[in-house]
1. Quick check, is residue 88 modelled with pLDDT of 80 or more, farther than 18 Å from residue 195 by Cα and under 37 Å from the mean Cα position of the chain (by Cα)?
2. Looking at the structure I just gave you, is residue 260 buried (at least 16 other Cβ atoms within 10 Å of the Cβ) and under 30 Å from residue 416 (Cα atoms)?
3. Does the range 399-421 contain at least one residue that is modelled with pLDDT of 85 or more, buried (at least 16 other Cβ atoms within 10 Å of the Cβ), in contact with a helix residue (DSSP H, G or I) (Cβ under 6 Å, 6 or more places away or on another chain) and under 20 Å from residue 267 (Cβ atoms)?
4. If I filter the range 122-138 for residues that are modelled with pLDDT of 70 or more, in the same structural domain as residue 206 (by TED's automatic domain parsing), surrounded by 19 or more Cβ atoms within 10 Å (Cβ to Cβ) and under 30 Å from residue 289 (Cβ atoms), do I get at least one hit?
5. Out of (1) within 30 Å of residue 292 (Cα to Cα); (2) modelled with pLDDT of 75 or more; (3) part of a helix (DSSP H, G or I), the odd one out for residue 102 is which?
6. When the range 253-282 is examined, which residues are found to be under 19 Å from residue 223 (Cβ atoms) and not in a strand (DSSP E or B)?
7. May I ask you to say which residue of 309, 328, 376 is farther than 30 Å from residue 259 by Cβ and surrounded by fewer than 16 Cβ atoms within 10 Å (Cβ to Cβ)?
8. The conditions are (1) within 15 Å of residue 228 (Cβ to Cβ); (2) crowded, with 19+ Cβ neighbours inside 10 Å, and residue 294 fails exactly one of them. Which is it?
């Protein structure tokens with residue numbers, strides 16, 4: 001039977017292969033576009049179209065880098081690379097972005113030289129204009145495919161390339177307009193279009209460099225996801241706090257680690273269960289999370305919520321009742337360091353019933369996220385229900401006042417109840 005971890009690994013492998021496939025197809029299509037536009041531009045002496053071909057060549061470099069990075073990221077983990085090669089995509093994207101920026105700067109002198117030349121009316125550039133139109137159509141298909149797959153597998157490089165493929169459509173439209181205006185004799189058009197394309201190429205390169213550089217430095221690239229994960233973890237019953245969630249981007253995947261705090265008396269198997277539950281909550285927030293590390297620490301609570309069964313309502317002078325389930329009232333107390341705050345007294349609405357009173361009371365009080373119960377006696381069913389919900393139980397004497405037992409609790413003088421004080425048969429009526 002496959003474990004959840006192996007299933008996740010298989011799913012990640014399938015996503016990577018899908019990304020590789022679309023990147024390879026996009027690379028081939030972009031290569032054909034670049035060669036076609038360069039050939040037409042050279043034959044018909046249209047430098048604007050040649051510059052556009054140069055732009056497509058820069059895109060080709062970025063897309064192929066994405067394919068190469070995804071291919072490396074798809075390699076199996078080894079002893080030397082226990083975290084996999086997911087960051088290969090990010091590193092290759094950084095290199096490709098640098099080369100793209102260089103290509104853009106190389107176009108600037110040519111554009112500046114052409115800026116000083118007037119356009120001239122010659123033959124209508126039908127074939128170059130047709131080449132630009134075909135480029136727009138192909139770029140649209142590539143952009144939509146890259147965008148869809150990039151979002152599905154969370155590939156940064158594919159999403160960046162998709163944005164630039166959409167930009168290619170606008171660039172081809174500008175080239176088409178430039179060819180027409182140059183034919184009509186409008187001055188400076190050719191140089192201006194080349195400079196515009198150079199600027200777009202530099203923008204593409206800088207966008208890739210910036211995103212990859214931040215990822216390699218472990219920058220938080222998704223603050224909203226971090227906030228959502230922390231919110232969900234804090235909602236888990238038994239978690240008494242969570243340290244800052246840290247998310248690392250590794251190629252198309254994310255690695256998450258955090259520290260959660262829980263009761264110091266929590267048994268090891270319960271702490272392990274709580275860590276598993278936290279891991280599941282984290283993974284549910286994003287399908288692109290590759291690994292999760294949860295460290296459990298004992299909480300040194302500065303604030304606790306206590307519940308005590310009492311006979312009467314007289315503030316801190318209220319007296320403790322001898323039976324948990326049969327108490328007429330329950331008091332909820334918020335203990336913050338040395339400050340004591342009585343939140344409320346609750347009447348026991350189940351006293352008229354004959355069985356399972358304690359169990360029904362517990363279901364009600366657990367909504368208060370109680371940390372500690374102080375009671376003289378507790379039945380077997382109630383005991384294990386509370387323990388399963390991470391509530392610590394301490395023994396107090398009947399008829400003591402709240403003031404007295406709280407003083408002893410703060411001084412850590414109360415003994416812990418580690419077993420039920422009476423049997424299942426007796427607990428049925430409690």
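1. Values: modelled with pLDDT of 80 or more: no; farther than 18 Å from residue 195 by Cα: yes; under 37 Å from the mean Cα position of the chain (by Cα): yes.
Answer is no for this residue.
2. Details: buried (at least 16 other Cβ atoms within 10 Å of the Cβ): yes; under 30 Å from residue 416 (Cα atoms): yes.
So residue 260 passes the test.
3. Checked against the condition, which is being modelled with pLDDT of 85 or more, buried (at least 16 other Cβ atoms within 10 Å of the Cβ), in contact with a helix residue (DSSP H, G or I) (Cβ under 6 Å, 6 or more places away or on another chain) and under 20 Å from residue 267 (Cβ atoms), the range 399-421 yields at least one hit.
4. no
5. With respect to (1) within 30 Å of residue 292 (Cα to Cα); (2) modelled with pLDDT of 75 or more; (3) part of a helix (DSSP H, G or I), residue 102 is out only on (1).
6. Hits for the range 253-282 are 281, 282.
7. On the way: 309 fails: surrounded by fewer than 16 Cβ atoms within 10 Å (Cβ to Cβ); 376 fails: surrounded by fewer than 16 Cβ atoms within 10 Å (Cβ to Cβ).
Answer to the selection: 328.
8. (1)
The values are calculated or read from the model by the stated rules, or taken from the named source; none is laboratory data. Just so it is clear, the structure is predicted and the values come from calculations on it, not from any experiment. Virtual Cβ from ideal backbone geometry, glycine too; neighbours counted across all protein chains shown.
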